1. Just to be sure, is Met1 modelled with pLDDT under 95 and either small (Gly, Ala, Ser) or within 30 Å of Ala129 (Cβ to Cβ) (or both)?
2. In the stretch 62-80, which residues are out of contact with any Lys or Arg (no Cβ under 9 Å at 6 or more places or on another chain) and either touching a residue at least 60 places away in the same chain (Cβ under 8 Å) or surrounded by 15 or more Cβ atoms within 10 Å (Cβ to Cβ) (or both)?
3. Out of all the residues in the stretch 83-122, which are of a type in the set (Val, Ile, Thr) and without any contact (Cβ under 8 Å) to a residue 24 or more places away in the chain?
4. Just name the residue that is nearest to Trp20 (Cα to Cα) out of those in the stretch 81-129 that are among the charged types (D, E, K, R) and surrounded by fewer than 17 Cβ atoms within 10 Å (Cβ to Cβ).
5. Of all residues in the stretch 109-123, how many are over 11 Å from Ser95 (Cα atoms) and either touching a Gly at 6+ places or on another chain (Cβ under 8 Å) or of a type in the set (S, T, N, Q) (or both)?
6. Being over 20 Å from Arg100 (Cα atoms), at pLDDT 95 or above, in contact with a helix residue (DSSP H, G or I) (Cβ under 6 Å, 6 or more places away or on another chain) and not in a loop (DSSP other than H, G, I, E, B) is the requirement here; does Ala76 meet it?
Amino acid sequence: MNSPILTPVVALVAWSMVVWAWMYVTRIPAIRRARMKLDPNAPRGEQMATLPASVRWKADNYNHLMEQPTLFYALAIALALLGRGTGTNLALAWSYVGLRVVHSLVQATWNKIEVRFSLFSLSSFVLIAMVVDAARAVL
């Protein structure tokens, strides 16, 4: 089966890999500049917390891309299987992806929390609209 809604799914996964690469392209040089000795016994996050905030923002965003977007992936695949991966749902899916990309760029470069929250809220409302349509289709 090939449903158009799978394209934004692949796009968001691809964007997540871009953020992953961005995270390491900034993190590894920062670790070297700090002459950090990586300690597997240090409490989770303790060592990375010593890196500059602008370096940590990329990792924080990568983690965020592993959270709510997992609901988007499941929902988009469900809509594809239900034959509802076109029209409004496709537009909503692309809107979700666009909002998450903008959210990433804000968090990784500027990190203005009020702007990030607005983008997160908008993307959540888009996801809710998709959930409502999926719920109608299965009920």
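1. yes
2. The answer is Tyr62, Tyr73, Leu75, Ala76, Ile77, Leu79, Ala80.
3. Within the stretch 83-122, Val102, Val106, Ile113, Val115 meet the criteria.
4. Lys112
5. Total meeting the criteria: 4.
6. Against the criterion (over 20 Å from Arg100 (Cα atoms), at pLDDT 95 or above, in contact with a helix residue (DSSP H, G or I) (Cβ under 6 Å, 6 or more places away or on another chain) and not in a loop (DSSP other than H, G, I, E, B)), Ala76 does not qualify.
The values are calculated or read from the model by the stated rules, or taken from the named source; none is laboratory data. Please read these numbers as outputs of a predicted model, since none were measured by experiment. Don't worry about glycine lacking a Cβ; one is built from the backbone with ideal geometry, like all the others, and counts go over all protein chains shown.
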